[in-house]
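Scroll down for the structure; my scribbles are underneath it.
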Amino acid sequence: MKDEVITPGNVVRLSDRVSRVTAPNPGVMTGPGTNTYIVGSDALALIDPGPESAPHLSAMLEAVGKRLKWILCTHTHLDHSPGARSLKAETGAQLLGFGPVPDDGRQDAAFDPDRALRDGDVLDCGAFQLRAVHTPGHASNHLCYLLEQQKMLFTGDHIMHGSTVVISPPDGDMIAYLKSLERLLALDLAALAPGHGHVIQKPHDEVRRLIAHRLKRERKVLDAFGTKNPATLDDLLPLVYDDVSPGIHPVARRSLHAHLIKLQRDGRVAEEGDNWRLRI
């Protein structure tokens, strides 16, 4: 069955415990928009309030009424956490997240949780529990949340539907990202609820696909040095990402940089000023 088109502002019931409302911020980086998930039936938890947006705030308030008790953020990128401030001001709900905000110029620097969560922490919401799973890579402070009663993992930007996430150094880290993906293979999961796009019903298959995709891209990086060695990022970019639109290349360049840093740590390449050299 084909997934229905995601329409911002519409509340979509995904299960007896989970609903989704999507922010009106579609784009290259956000797909149909940032997904906000509402969990529970009486006392509610809300995951990822999205960007600052008056229409999205109204949609969230209409969906939760006076029942919102907890606001959880997966990470502090600008399309995921800034909406928490207005939502908290309107509802008095407790704000939770990883805590310290990385200083890389791409973060919600004002994020200030009432409670800082760490890996393995469980938020007991009475009728359901949400367990924090630290998944650095896309962002060093990235948390996924496992709804234990349904084995549904809210993945934020760790996994997106229909696309791969950007790994942007210095906070983004390809080694950490691959390790975080591999960690999910050990979890008992029934579904992934991503920060962008539709629910993914075969979680472990998707995780394996993403790992294989990243390693295939790494192989292309190494092969590109057969054309030019040493080479700059801009020399390598069209060779490594020849399968994507040139319009995506400025974003892909960040992930290419992350691949090169990983290969440098692995001892496969060396950085020499603006150049990268394959170690023979």
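Residue-level analysis places Gly126 among those that are surrounded by fewer than 21 Cβ atoms within 10 Å (Cβ to Cβ), touching a residue at least 40 places away in the same chain (Cβ under 8 Å) and either of a type in the set (S, T, N, Q) or outside any strand (DSSP E or B) (or both). The residue that is nearest to Leu215 (Cα to Cα), counting only those in segment 236-280 that are charged (D, E, K, R) and exposed (fewer than 12 other Cβ atoms within 10 Å of the Cβ), is Asp266.
Take segment 230-241 and flag every residue that is assigned to a helix (DSSP H, G or I) and free of Cβ contacts under 8 Å to residues at least 40 places away in the same chain. Within segment 230-241, Asp234, Asp235, Leu237, Pro238, Leu239, Val240 qualify.
Listed here are the residues, each with its yes/no results for (1) in a strand (DSSP E or B); (2) under 21 Å from His196 (Cβ atoms); (3) touching a Cys at 6+ places or on another chain (Cβ under 6 Å).
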{"position": "Ile38", "(1), (2), (3)": "yes, yes, no"}
{"position": "Ser41", "(1), (2), (3)": "no, no, no"}
{"position": "Pro51", "(1), (2), (3)": "no, yes, no"}
{"position": "His56", "(1), (2), (3)": "no, yes, no"}
{"position": "Met60", "(1), (2), (3)": "no, yes, no"}
{"position": "Lys66", "(1), (2), (3)": "no, no, no"}
{"position": "Asp79", "(1), (2), (3)": "no, yes, no"}
{"position": "Ala110", "(1), (2), (3)": "no, no, no"}
{"position": "Pro113", "(1), (2), (3)": "no, no, no"}
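Scanning segment 172-183 turns up at least one residue that is outside any helix (DSSP H, G or I), within 25 Å of Ala23 (Cα to Cα) and either more than 13 Å from the chain's Cα centre (by Cα) or not aliphatic (A, V, I, L, M) (or both).
Inspect all residues belonging to segment 1-10 and state whether any of them is in contact with a strand residue (DSSP E or B) (Cβ under 6 Å, 6 or more places away or on another chain), closer than 21 Å to His196 by Cβ and surrounded by 15 or more Cβ atoms within 10 Å (Cβ to Cβ). Within segment 1-10 (the criterion being in contact with a strand residue (DSSP E or B) (Cβ under 6 Å, 6 or more places away or on another chain), closer than 21 Å to His196 by Cβ and surrounded by 15 or more Cβ atoms within 10 Å (Cβ to Cβ)), the answer is yes, since at least one residue qualifies. Among the criteria (1) at pLDDT below 95; (2) more than 15 Å from the chain's Cα centre (by Cα), the one Thr30 does not fulfil is (2). Look at Asp108 and say whether it is among the acidic types (Asp, Glu) and under 24 Å from Ala43 (Cβ atoms). No; evaluated as a whole, the condition is false for this residue. Counting only residues that are farther than 30 Å from Gly247 by Cα and among the hydroxyl-bearing types (Ser, Thr, Tyr), which one in segment 36-48 is surrounded by the most Cβ atoms within 10 Å (Cβ to Cβ)? Here the residue is Tyr37.
Pairing each residue of segment 242-257 that is at positive phi with any residue that is at pLDDT below 95, provided the two are 6+ apart or on different chains, yields no C-beta distance under 7 Å.
The residues on offer are Gly226, Gly197, and the sole one that is within 24 Å of Val133 (Cβ to Cβ) and either of a type outside the set (D, E, K, R) or not assigned by TED's automatic domain parsing to the domain that holds Gly162 (or both) is Gly197. The residue that is surrounded by the fewest Cβ atoms within 10 Å (Cβ to Cβ), among those in segment 130-156 that are part of a strand (DSSP E or B) and among the hydroxyl-bearing types (Ser, Thr, Tyr), is Tyr145.
When Gly33 is tested against (1) surrounded by fewer than 24 Cβ atoms within 10 Å (Cβ to Cβ); (2) in contact with a helix residue (DSSP H, G or I) (Cβ under 9 Å, 6 or more places away or on another chain); (3) not in a strand (DSSP E or B), only condition (1) is not met. Looking only at residues that are in contact (Cβ under 8 Å) with a residue 60 or more places away in the chain and not in a loop (DSSP other than H, G, I, E, B) in segment 15-30, which one is surrounded by the fewest Cβ atoms within 10 Å (Cβ to Cβ)? Looking at residues that are in contact (Cβ under 8 Å) with a residue 60 or more places away in the chain and not in a loop (DSSP other than H, G, I, E, B), I get Arg20.
The values are calculated or read from the model by the stated rules, or taken from the named source; none is laboratory data. Since the model is a prediction, treat every value here as computed from it, not as a measurement. Reconstructed Cβ throughout: ideal geometry from the backbone, glycine too, with neighbour counts over all protein chains shown.
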